[in-house]
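Below is one structure, written out as structure tokens; the observations come after it.
Each reported figure results from applying straightforward, stated rules to the coordinates on display, with no laboratory input. Note that the structure is predicted; figures quoted are calculated from it, not measured. Cβ atoms come from the backbone with ideal geometry, glycine included; neighbour counts cover every protein chain shown.
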Amino acid sequence: MIEVISEDRCTGCNICVNVCPTNVFAPAAGGIPVIARQDDCQTCFMCEVYCPDDALYVAPHATEITHVTAAELEERDLFGSYRRSIGWIRGGRPRPAPEIMQRLEHR
Amino acid sequence: MAFPPTAASSVPTASLELDADVLVIGGGPAGTWAAIAAAARGAKVVLADKGFCGSSGATAPSGTGVWYVPPDPARRAKAMNSRWDLGGRLADPAWMRRVLDRTYDNVNRLAEWGYPFSDDADGRSIRNGLDGPDYMRLMRKRTKAAGVKILDHSPALELLRDDGGAVAGAAGVRRQKADTWLVRANAVVIATGGCAFLSKALGCNVLTGDGLLFAAELGAELSGMEFSTAYAMALEGGSVTKTRFYDWATFTFEDGSPIPGAASKGGRSVIARVLQSRRVFAQLDKADAETEQAMRYAQPNFFLPLDRVGIDPFRQRFPVTLLLEGTVRGTGGLRIVDSTCATTVPGLYAAGDAATRELVCGAFTGGGSHNAAWAMSSGYWAGSAAGEHGRHLRGRNRTVLRAGGVGIADGPGRAIDAAALTRAVQDEVWPYDRNYLRSGERLTDSLGRLDGLWRGARMAQAASLDEAQRTREGVAMLATSRWMYRSALSRTESRGMHKREDFPEKDDSQLHYTTSGGLDEIWIGHERAPSPEVEVLAA
């Protein structure tokens with residue numbers, strides 16, 4: 001579930017409020033958005049993908065809360081890690097050679 | 001704020017009222033293709049999505065294969081035969097051919113629109129797969145560019161009808177504005193996806209069977225609802241249901257000993273049986289370093305939860321579970337009566353996972369490439385036909401009445417407790433020994449309780465505006481579960497994904513489509529399947 005909105009990273013653009021398909025976030029007057037309906041989070045990671053500031057962290061646990069902190073996530077370099085892995089960053093991501101990608105066709 | 005406590009069939013009003021030729025409900029692949037196709041026919045189009053068109057649904061957070069096969073007769077025949085037996089020979093070769101044709105054209109159009117396909121070793125563009133985030137971001141962009149008005153965070157609650165019973169639009173709530181919307185339209189495309197019963201399978205929690213309920217309230221029929229037993233593998237406690245890479249896995253008990261017969265393909269029911277009492281562990285030990293590299297590129301989201309909890313799936317065992325995907329990767333849905341994806345209700349069309357996919361997949365999961373091909377093909381056909389139909393009826397002054405019933409029409413009882421109703425339905429459809437591994441006795445047992453829940457729900461007073469969405473989702477899941485189990489009870493054989501412990505064999509006298517419908521009383525019927533021989537397929 002969504003667990004962390006980094007106060008240091010978030011610029012309050014509210015894109016997450018808009019893109020979350022299950023309406024988990026709510027805008028807050030004069031501040032950054034809040035996680036208003038955490039139970040509704042379906043752990044789809046779309047908010048992370050769309051966050052331009054890599055300020056969100058969705059723990060992979062769909063039903064329990066891990067209480068991870070922003071400081072721990074900074075230390076493990078996890079903010080923005082999914083966006084990097086799908087190539088939604090400048091320059092995209094390198095594709096392995098075609099003969100390596102063919103390995104997936106044989107099973 | 002109370003939902004307008006008007007009885008069904010009264011003239012509706014809303015905070016936002018729009019007129020259109022076509023309303024598309026649902027903004028996933030099927031809905032966006034439908035909206036673009038309708039706009040291309042000159043129709044004025046509105047698309048309403050429960051969440052956000054671009055991130056909603058099973059495709060956006062995922063990656064998917066696409067049934068993209070160049071028009072070479074040998075390759076097409078091979079593609080059609082590949083799942084023929086798996087699908088219990090219930091697919092329709094004529095539909096398979098036209099889906100292959102349509103998908104080929106649509107995917108090529110994605111390339112023209114700038115979708116970033118990669119090249120193979122010979123420099124040819126590889127077009128048999130799509131990354132969900134990229135695909136759906138592009139589809140939103142193209143939908144807007146086509147002039148379609150998108151209503152995000154606007155769950156539909158019911159269809160509207162005219163006094164002759166034809167569809168006349170839909171109404172719902174704008175949940176971020178705490179008010180209501182209504183679109184009068186001469187044609188409506190149901191593209192609301194399948195029903196996964198809020199299992200948290202990746203991207204599936206917006207898929208609660210809403211469109212099936214709305215359509216059935218207007219008298220639309222369903223088909224193949226017994227093919228609703230899709231369960232996908234995920235890390236225990238997680239949501240990422242990417243099952244493909246488990247083809248490289250060995251499955252073990254907690255003590256490390258292998259589980260006899262367990263496999264992702266052809267041995268998943270063994271895993272389901274074990275999971276009823278014990279944990280199951282997987283390790284992708286059949287993949288070498290280069291395969292790992294290819295996997296990480298092909299489906300980064302498979303590794304996301306594992307990386308975050310610090311598991312190396314190639315070198316460590318990790319616990320897995322099976323999450324219900326219901327009709328999302330099953331094949332049942334609204335019955336389609338002609339090549340335009342029309343339902344039995346005038347003006348009402350169905351596309352994507354909301355429609356039956358038996359025509360292309362038969363009785364076996366449409367997950368992955370076939371569903372993706374079906375979504376873009378059926379969306380295109382439904383949208384094109386809805387565009388023509390809607391424009392043709394433009395300017396007619398039609399009476400517009402509400403068609404929604406249970407949960408939003410007023411009854412004498414207390415309002416539905418949506419959370420309790422949802423849990424009660426989940427208790428009947430989530431368990432492996434009720435849905436995955438079926439028996440007549442247990443289906444009948446479940447139906448007794450589900451029918452009781454329906455009798456209670458239909459007496460309820462209308463939900464408040466705040467609770468209307470969840471209430472209707474609960475009612476839709478309840479209705480879906482009853483069509484599923486009634487259909488499953490009537491198919492006294494095992495075929496494709498539908499497995500009956502009391503009828504473990506295939507019975508070719510039941511080579512038919514199971515149709516269903518109705519709400520208070522559910523009816524079951526049969527439609528003949530085309531069932532040609534494999535030789536015909538190869539021709």
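Before moving on, here are some points about what is shown:
- Counting, for every residue in A:19-28, the Cβ atoms of other protein chains within 10 Å of its Cβ and taking the mean gives 5.
- Per-residue Karplus couplings for segment B:20-27, computed as 6.51 cos²θ - 1.76 cosθ + 1.60 with θ equal to phi - 60°, are listed in order as 8, 6, 9, 10, 10, 9, x, x Hz, Gly and Pro entered as x.
- Virtual spin-label span in nm between residue B:501 and residue A:66, 7 Å along Cα→Cβ: 3.6
- For chain B, the longest site-free run once trypsin sites (Lys or Arg not before Pro) in DSSP loop states with at most 15 other Cβ atoms within 10 Å are removed: B:1-123
- Beta-bridge orientation, chain B: approximately 65 percent antiparallel, per DSSP, counting only bridges with both partners inside.
- Projecting label points 7 angstrom from Cα along Cα→Cβ for residue B:509 and residue B:247 puts them 3.8 nm apart.
- Contour excess over end-to-end distance, with Cα ends at residue B:177 and residue B:121 and 0.36 nm allotted per residue: 15.0 nm
- Cβ-Cβ distance of residue B:254 and residue B:296, R₀ of 25 Å, FRET efficiency by 1/(1 + (r/R0)^6): the value works out to about 0.35.
- Backbone geometry of segment B:337-350 corresponds, through the Karplus equation with coefficients 6.51, -1.76 and 1.60 at θ = phi - 60°, to 3J(HN,Hα) couplings of 9, 7, 6, 8, 6, 6, 8, 6, 8, x, x, 9, 10, 10 Hz, x marking Gly and Pro.
- Residue by residue along A:49-55, Cβ atoms of other protein chains within 10 Å of the local Cβ number 2 on average.
- Kyte-Doolittle at least -1.0, axis length at least 30 Å by Cα - qualifying DSSP helices, chain B: B:369-392, B:465-490
- Principal axis box of the protein assembly as shown, alpha-carbon based, largest edge first, Å: 67, 65, 50
- Given their separation in residues at 0.36 nm each and the Cα-Cα distance between them, residue A:13 and residue A:84 gain 23.5 nm when the chain is fully extended.
- Aspartates and glutamates whose Cα lies under 15 Å from that of residue B:144, excluding same-chain neighbours fewer than 8 positions away: B:49, B:152
- Against the empirical curve 2.2 N^0.38 Å, the C-alpha radius of gyration of chain B lands at a ratio of 0.93.
- Förster radius 56 Å - calculated FRET efficiency between residue B:19 and residue B:263, Cβ distance, rounded to 0.05: 0.55
- Rg/Rg_globular for segment B:230-326, with Rg_globular taken as 2.2 N^0.38 Å and Rg from C-alpha atoms: 0.99
- Taking amide H as placed 1.01 Å from N in the peptide plane, residue B:491 has no amide H partner under 5 Å among residues 5 or more places away or on another chain.
- For the listed residue pairs B:242/B:286; B:78/B:200; B:44/B:242, the alpha carbons are over 28 angstrom apart in B:78/B:200; B:44/B:242.
- Look at the stretch B:205-215: the mean tally of other chain Cβ atoms within 10 Å of its residues' Cβ atoms is 1.
- Under a 5 Å amide H cut-off, with hydrogens placed 1.01 Å from N, residue B:336 pairs with B:356 among residues at least 5 apart or on other chains.
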